[in-house]
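Shown next, in structure tokens, is the structure this report addresses.
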Amino acid sequence: MATVAESVNYKGKVINFPLANQQENEVADDMLHENLARPTTERTKRLKARCRWKHASAGEFIDSEVRAGIERMRFITEAHKASEGQPEVIRRALGLANILNKSTLVLQQDEFIIGYHAEDPEMFPLYPELSYMAVQDYLMSDYSPQPKEEAEAINQYWKRFSMQSKGEGYFSKEDLTRMYQVSTMEAPGFATGYNSITPPYETILQDGLLKRIEMAKAKIEHAQKEMEKIPWNATEGLEWISKIDVWKAMIIADEAVINWAQRHARLAKIIAESFETDPARREELLEIADISHRVPAEPCKGLKDAFQAKWYTYLLCHAIDRYASGYAHKEDELLEPYYNISVEQKTFQPMTYTDVVEMVEMERLKISEHGAGKSRAYREIFPGSNDLFILTVGGTKPGYVDACSDMTDAILEGARNIRTTEPSIVFRWHPSGRVKTKQHVFECIRDGLGYPSIKHDIIGTEQMKYYSQFSKNKNGVTDDEAHYWALVLCMSPGVCGRRKTQKTRSEGGGSIFPAKMMEIVLADGFDWSYSAMQLGPHTGEPTEFKTFEQLWEAFRTQYAYAVSTVIRAKDVCRYFEGKYLQMPFVSSIDDGAMELGRDAVELSEQPNGWHNPITTIVAANSMVAIKKLIYDEKKYTMQQLVTALRANWEGHEAMRLDFQNAPKWGNDDDYADSIIKDFYEDIIGGEMAKITNYSGGPVKPVGQAVGLYMEIGSRTGPTPDGRFGGDAGDDGGISPYMGTDKKGPTAVLRSVAKVQKNQKANLLNQRLSVPIMRSIHGFSIWKSYMDAWEQLNIDHVQFNVVSTAEMKAAQQEPEKHQDLIVRVSGFSARFVDIPTYGQNTIIARNEQAFGANDLEYLNTQL
Amino acid sequence: MRTPLITEIQRFSLQDGPGIRTTIFFKGCPLHCPWCHNPENLNPENEFYFYAGKCTACGRCAKICPSGALKAICVPDKNAVLNFDKSKCTLCMKCVDVCLFGAREVVGKSLDIDSIVREAVADKMFYKHSGGGVTISGGEPLLFPDFTLELARILKTKEQVHITIETSCFANWDKIEPLLEFVDLFIVDIKSMDPEKIEYVVGGSHKKILSNIEKLINSGVAVRIHLPIIPGFNDSASDTKSYVDYLSQFADKLSGVDVLPFHSYATGKYAQLNREYQYKGISDLQSQKIMPLVNALNKKGLRQVTVGGIAKTASTSNIE
């Protein structure tokens, strides 16, 4: 039997919250989510059943068959050796072409959207040219590519070309060792190979590659004429050389892509004509062949074209040319014109709304099967999911006109029906957004998917305009273009469209960890609990801090050092990427790169510098406790605190409780909130704002914690907020520490709303009561909560609607709970694939029971 | 002016009037309904909760107890356990102060009116979106009529929020009438239509309560009726009939009726307060049992008859 929320008890009343869907009365609480998936068709049901997930838990793949493929690394290496002496950008194009020309194609039963990035659907490719270390990690594991000797030789070959060997030379040994600890700073980008991108899908769908090739040819022709001008002018003329190389590389890449898509078309046709016995599937294979023959060479003419062209582009940008995490696009607006052709006008590829929902489900399953060859550390921080995939819907068009459409609804409905952890969805919330679509958003959340997470439409749009003014070539987004944005990864917004999109990771996600900094500020920058080394600058003996301000400034020094070092590593990496890891295919579909003859990696038109403080709240709560107990009330001395921390609070239990009971973030408490507001605005955001990054703009904080709050927690000693050494950090950029928000969801919003200056992208986790959200009143309660959230000018919020009972049951019998999805920081994960340590932090989040916060103890039998 | 202790200021309340509300609970009630679901609000004096699950029997409380009400007893081969003699306890709260583990917690805080107002209006923005406001509840707010009036006056005239009072209406009319100027909605409990049950079980005056309800209705202020349905006390067919007969007279005037079936969730609180609970072990009332009453009220034309009584929020009421 389902729990119906009659559990609120105040003033002697029972409030009934009958379930919106009465059939759920028969479903036990701890099995609820196993009963919510309802694939739209038999086909998507079969596809889901045989989906080869690439989930990892504690760094290990759950499915034992999953492993790395050899083809990509083999073909790119072969091309690299053969192209020695040619311009680097041409070598990159030839590398991509060699992969596309020779790779094994995968076409699976029941698929409509086709294409895969490795030779076997259990496999994923590796990128020795990106990160030597990440590949080495695979070679030593059970997931090594075969034959292993060949893979080892390939990795050895790339070692001298690696980004790591190029970047390290510009850092002191001391800085490098500190970064490799991953405890106050993340490892440098040139070592991890981690990346993100917002592909300009629009040009592929609207122009097609044949047109892009024509454009590049015309550019080369023009350049040659300019060079041949008499009299010769070297100051202008020599600049054409690098541009001609870039355009030539584009042509090589695009022709290879067309050829690759048409190989898929021929494969589908051969199967249809020679092997397929089911006449319906035969017809479908012929339609698939027709589509892949035309796109992405030609512009898309209908919705099926658009889904397929988008998928090929996705594979190229995120997995074949280079690895890049994410699924950044404004999917509803991108597809809406083709939806109108196929569903409204039915003039090409006629479809019904339900057909579109099925297509969305199939696309989601393609992503669910998509594995990424991430290094072990990155597998550890995204537990329970393949990788980060986040698409964006909703929001507004120029003039803040609602951008929601039936395509938006189909995307949300498909997501709710098929119930997969990936891709996650972001909904841009604006008051003008239509209620019908918001109802779909609510249903996904209510069903416990953890997505859509919600971003504030106006805040994001204004941020695009703000960054635009720093454009290095004075060509940032216009006010109209600023409305067309999506999340690049979990949290940071970036523009979409035909040009100016983010192409590489220098613009985002450099992580720094304030909790650990708090720990070392109390030890003159020394890390006594984990690495036993000087982890940051000497900032003085804490016992010498006569005032709270001295402590504050010492922390600022630690933070400023870490944040500058991490972002410097990002930008140094970008410098070398522009010279050795060009992306000719991406350049060819970017109007800016095409016009200017510059590689997409190197060119920056719209700055978008978001970097990532994680575990800020542990540090902030610590500041509050120290100020109150040591400097204001003088109940303890700093010496006592340092002694207690070194003992991990052992023998100092009464003192620890005082520090734990000091005011905490998230309770609308003026004492705590005024300190934490300053902490965010003055230090966390304020110090970042002083930086100028690769794109010429300032940097803003975006708290996207991913699974790092667990990793970092385990490397952080005891902290003055009363936390024990090794306990998890806070799980969201601006969320209260798990279990310390005692006053309900409105008080959390009020605290969060106080932070406004210098930062405006921050992750807020809320856990809501299942029975109330599933009751007939659920939508109306949630909607008014959201309207107030919008008006409070808070950047983000995301919800877990999963009962403690179900999570505990899933810990006991994981095999019965494969469909239980939870929100972990910036992404959704399959609960049973998360390590127990992480599961417990989610269970510990306060369940906001909307008015019955003492429900738990009322049920306690004494 | 007599000032109540406050047991809780609960934000994001959804069941104490329309929309998203903040509810202020006063400690102290002139009645003594044996099923009371908020027993901590009966006694106007300080009390403390004891959470047995959090107690580690460390003995700190026994050591400090000046009256000898608390004693640690050492049982051979087992942990120390505590013996508590309620008759000796002077409610000095020293044991609460020394507890490191949160096993003892004071029920009821003395707050000045400014702090109450500040907390009560913190969620004003949510009231606007949802059609909510502040609810003064208890206990019985009318046990502190001057304080209630002052609080309602400030909230209405200075803060302009929607105000609801939850009351049994067991008070003199001259204490209720001044509230009409500031209060938007009265939610009034009727525990029984039998004067003897009211007098001997609950401890009030049936006549006074009904007379006040009628005066409220006639004054034109919005009134909702709460009907707690308690097994063996007021759940018979004749009880149902008496409710329906009485309330149907005001069918066009009452804002609504909420039928509230008995539940047992207060069991834990009685234990934590170290009190006897007469309804221990009694099962929750099944919703089906109250359907005849709900149906009959609907049939007589009463508006907004609910089980449990949650009001829709303003922002979405037009689309549901």
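The values are calculated or read from the model by the stated rules, or taken from the named source; none is laboratory data. Because the structure is predicted, anything quoted here is derived from the model rather than measured. Don't worry about glycine lacking a Cβ; one is built from the backbone with ideal geometry, like all the others, and counts go over all protein chains shown.
Could you please find all residues in segment A:185-204 being β-branched (Val, Ile, Thr) and under 16 Å from A:GLY509 (Cβ atoms)?
Going residue by residue through segment A:185-204, those that are β-branched (Val, Ile, Thr) are A:192, A:197-198, A:203-204.
Correct list: A:THR192, A:ILE197, A:THR198.
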TODO: Could you grab me the full set of residues in segment A:788-818 that are within 11 Å of chain B (Cβ to nearest Cβ) and either surrounded by 24 or more Cβ atoms within 10 Å (Cβ to Cβ) or out of contact with any strand residue (DSSP E or B) (no Cβ under 9 Å at 6 or more places or on another chain) (or both)?
DONE: A:ALA788, A:TRP789, A:GLN791, A:LEU792
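Would you say A:LYS269 is under 30 Å from A:PRO337 (Cβ atoms) and either without any contact (Cβ under 8 Å) to a residue 12 or more places away in the chain or among the charged types (D, E, K, R) (or both)? Working first, answer last.
Numbers: under 30 Å from A:PRO337 (Cβ atoms): yes; either without any contact (Cβ under 8 Å) to a residue 12 or more places away in the chain or among the charged types (D, E, K, R) (or both): yes.
In short, yes.
Please count how many residues of segment B:248-263 are away from chain A (no Cβ under 14 Å) and part of a loop (DSSP other than H, G, I, E, B). Explain how you work it out, then say what you get.
Filtering segment B:248-263 down to residues away from chain A (no Cβ under 14 Å) leaves B:248-255.
From the residues that got through so far, the ones that are part of a loop (DSSP other than H, G, I, E, B) too are B:249-255.
Total satisfying the criteria: 7.
Modelled with pLDDT of 95 or more, in the same structural domain as B:LEU302 (by TED's automatic domain parsing), touching a strand residue (DSSP E or B) at 6+ places or on another chain (Cβ under 7 Å) and among the aliphatic types (A, V, I, L, M) - does that describe any residue in segment B:268-281? Full working, then the answer.
Taking segment B:268-281 and keeping what is modelled with pLDDT of 95 or more, we get none.
No, segment B:268-281 contains no residue that is modelled with pLDDT of 95 or more, in the same structural domain as B:LEU302 (by TED's automatic domain parsing), touching a strand residue (DSSP E or B) at 6+ places or on another chain (Cβ under 7 Å) and among the aliphatic types (A, V, I, L, M).
Filter segment A:259-286 down to the residues that are among the acidic types (Asp, Glu) and surrounded by 15 or more Cβ atoms within 10 Å (Cβ to Cβ), then identify the one that is modelled with the lowest pLDDT.
Residues of segment A:259-286 that are among the acidic types (Asp, Glu), as a first pass: A:273, A:276, A:278, A:283-284.
Adding the requirement that they be surrounded by 15 or more Cβ atoms within 10 Å (Cβ to Cβ) leaves A:276, A:284.
On the way: A:GLU276: 94, A:GLU284: 97.
Among those that are among the acidic types (Asp, Glu) and surrounded by 15 or more Cβ atoms within 10 Å (Cβ to Cβ), it is A:GLU276.
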TODO: Would you point out the residue of segment A:692-714, among those that are farther than 15 Å from A:GLY838 by Cβ and over 19 Å from the mean Cα position of the chain (by Cα), that is farthest from the other protein chains (Cβ to nearest Cβ)?
DONE: A:TYR694
- [ ] Just give me the residues in segment A:174-191 being in a loop (DSSP other than H, G, I, E, B), hydrophobic (A, V, I, L, M, F, W, C) and at negative phi, in sequence order.
- [x] A:ALA187
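Working only within segment A:378-398, note down all residues that are in a loop (DSSP other than H, G, I, E, B), at pLDDT 95 or above and at positive phi.
To start, the set of residues in segment A:378-398 that are in a loop (DSSP other than H, G, I, E, B) comprises A:382-389, A:395, A:398.
Keeping just the survivors that are at pLDDT 95 or above gives A:395, A:398.
Result: A:GLY395, single match.
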- [ ] Quickly run through segment B:131-143 and pick out the residues that are crowded, with 24+ Cβ neighbours inside 10 Å and either assigned to a loop (DSSP other than H, G, I, E, B) or of a type in the set (Gly, Ala, Ser) (or both).
- [x] B:GLY132, B:GLY133, B:SER137, B:GLY138, B:GLY139, B:GLU140
Task: Candidate set from segment B:266-293 (those that are part of a helix (DSSP H, G or I), away from chain A (no Cβ under 11 Å) and without any contact (Cβ under 8 Å) to a residue 40 or more places away in the chain); member that is surrounded by the fewest Cβ atoms within 10 Å (Cβ to Cβ) - done: B:GLN288
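From the set of residues in segment A:780-800 that are aliphatic (A, V, I, L, M) and touching a Ser or Thr at 6+ places or on another chain (Cβ under 8 Å), which is farthest from A:ASP668 (Cα to Cα)? Write out each step before concluding.
Initial filter on segment A:780-800 (aliphatic (A, V, I, L, M)): A:781, A:786, A:788, A:792, A:794, A:797.
Still in the list and also touching a Ser or Thr at 6+ places or on another chain (Cβ under 8 Å): A:781, A:788, A:797.
Working: A:ILE781: 21, A:ALA788: 15, A:VAL797: 17 Å.
Out of the qualifying residues, it is A:ILE781.
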Task: Condition check for A:THR437: crowded, with 24+ Cβ neighbours inside 10 Å and assigned to a helix (DSSP H, G or I) - done: no
Task: Matching residues in segment A:200-232 - criterion: being over 18 Å from A:ILE251 (Cα atoms), part of a loop (DSSP other than H, G, I, E, B) and either under 23 Å from the mean Cα position of the chain (by Cα) or of a type in the set (Asp, Glu) (or both) - done: A:GLU228
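Considering only residues of segment A:440-463 that are aliphatic (A, V, I, L, M) and farther than 19 Å from A:THR40 by Cβ, which is surrounded by the most Cβ atoms within 10 Å (Cβ to Cβ)? Full working, then the answer.
The first filter runs over segment A:440-463 and keeps only residues aliphatic (A, V, I, L, M), leaving A:441, A:445, A:449, A:454, A:458-459.
If we keep only those that are farther than 19 Å from A:THR40 by Cβ as well, we get A:445, A:454, A:458-459.
Values: A:ILE445: 26, A:ILE454: 24, A:ILE458: 16, A:ILE459: 18.
Filtering first and then ranking leaves A:ILE445.
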- [ ] Give the number of residues within segment A:762-814 that are farther than 17 Å from A:VAL752 by Cβ, in a helix (DSSP H, G or I) and free of Cβ contacts under 8 Å to residues at least 12 places away in the same chain.
- [x] 3
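Scan segment B:189-215 for residues that are in contact with a His (Cβ under 6 Å, 6 or more places away or on another chain) and over 11 Å from B:SER168 (Cα atoms) and jot them down. It would help to see each step written out before you state the result.
Of the residues in segment B:189-215, the ones in contact with a His (Cβ under 6 Å, 6 or more places away or on another chain) are B:189, B:195, B:198, B:203.
Once the filter is applied, which keeps residues that are in contact with a His (Cβ under 6 Å, 6 or more places away or on another chain) and over 11 Å from B:SER168 (Cα atoms), segment B:189-215 yields B:PRO195, B:ILE198, B:GLY203.
Looking at segment A:462-502, which of its residues are part of a helix (DSSP H, G or I), of a type outside the set (A, V, I, L, M, F, W, C) and within 19 Å of the chain's Cα centre (by Cα)?
If we filter segment A:462-502 for residues that are part of a helix (DSSP H, G or I), which is where we start, we get A:462-468, A:481-483.
From the residues that got through so far, the ones that are of a type outside the set (A, V, I, L, M, F, W, C) too are A:462-463, A:465-468, A:481, A:483.
Once the filter is applied, which keeps residues that are part of a helix (DSSP H, G or I), of a type outside the set (A, V, I, L, M, F, W, C) and within 19 Å of the chain's Cα centre (by Cα), segment A:462-502 yields only A:GLN463.
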TODO: Test B:SER168 against the stated conditions and say whether it is crowded, with 19+ Cβ neighbours inside 10 Å, farther than 29 Å from B:MET1 by Cβ, in contact with a helix residue (DSSP H, G or I) (Cβ under 9 Å, 6 or more places away or on another chain) and in contact (Cβ under 8 Å) with a residue 40 or more places away in the chain.
DONE: no
